[in-house]
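Heads up, the thing below is written out as structure tokens.
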Amino acid sequence: MTHSWLASTTQGSMVGDYISTSFSGTTAHPVFAVASAPSGPVLNEAMYTPASGLTAAAGTAAATTATARDNARSARLAAIAYAQWLANGGTGGGEDSP
């Protein structure tokens, strides 16, 4: 796969707008992009997953519940980022921009 085979956007080359791993029992099905040489101006890029999936083993990292302090800090950081975005004209972001 060559970098020039990937879709070019205003935010750089893209292979997809999401990351996905779906689970069926203890089997994980990750999704990834593969590109082949384009045919003229037409790109040739597709998403794949292993047919039999991958065995998912139990990990050692545990998720913890966010505290009120964690949530307040996250809200403050989001407010700062939003204020900076507005100060810069409120443009230039993608679909995930506020």
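The values are calculated or read from the model by the stated rules, or taken from the named source; none is laboratory data. In this text the structure is predicted, and so the values were computed from the model without any measurement. All Cβ positions, glycine included, derive from the backbone under ideal geometry; neighbour counts span all protein chains shown. For the accessible areas, the whole protein counts, side chains as well, though only heavy atoms, and no ligand, DNA or RNA atoms are used. Shrake-Rupley method; radii C 1.70, N 1.55, O 1.52, S 1.80 Å.
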Reported set for region 14-28 where residues are open to solvent by 50 Å² or more (accessible area, probe 1.4 Å) and either in a strand (DSSP E or B) or on the phi > 0 side of the Ramachandran plot (or both) is M14, T21, S22, F23, S24, G25
Taking region 46-72 and keeping residues of a type in the set (S, T, Y), in a loop (DSSP other than H, G, I, E, B) and surrounded by 10 or more Cβ atoms within 10 Å (Cβ to Cβ) leaves T49
Quick count over region 25-49, residues being over 18 Å from M1 (Cα atoms) and either of a type in the set (D, E, K, R) or at pLDDT below 85 (or both), is 2
- [ ] Could you tell me whether any residue of region 83-95 is within 27 Å of L6 (Cβ to Cβ), at pLDDT 85 or above and surrounded by 11 or more Cβ atoms within 10 Å (Cβ to Cβ)?
- [x] no
### Query
Residues in region 29-45: is at least one touching a residue at least 24 places away in the same chain (Cβ under 8 Å), assigned to a loop (DSSP other than H, G, I, E, B) and either touching a Leu at 6+ places or on another chain (Cβ under 7 Å) or open to solvent by 60 Å² or more (accessible area, probe 1.4 Å) (or both)?
no
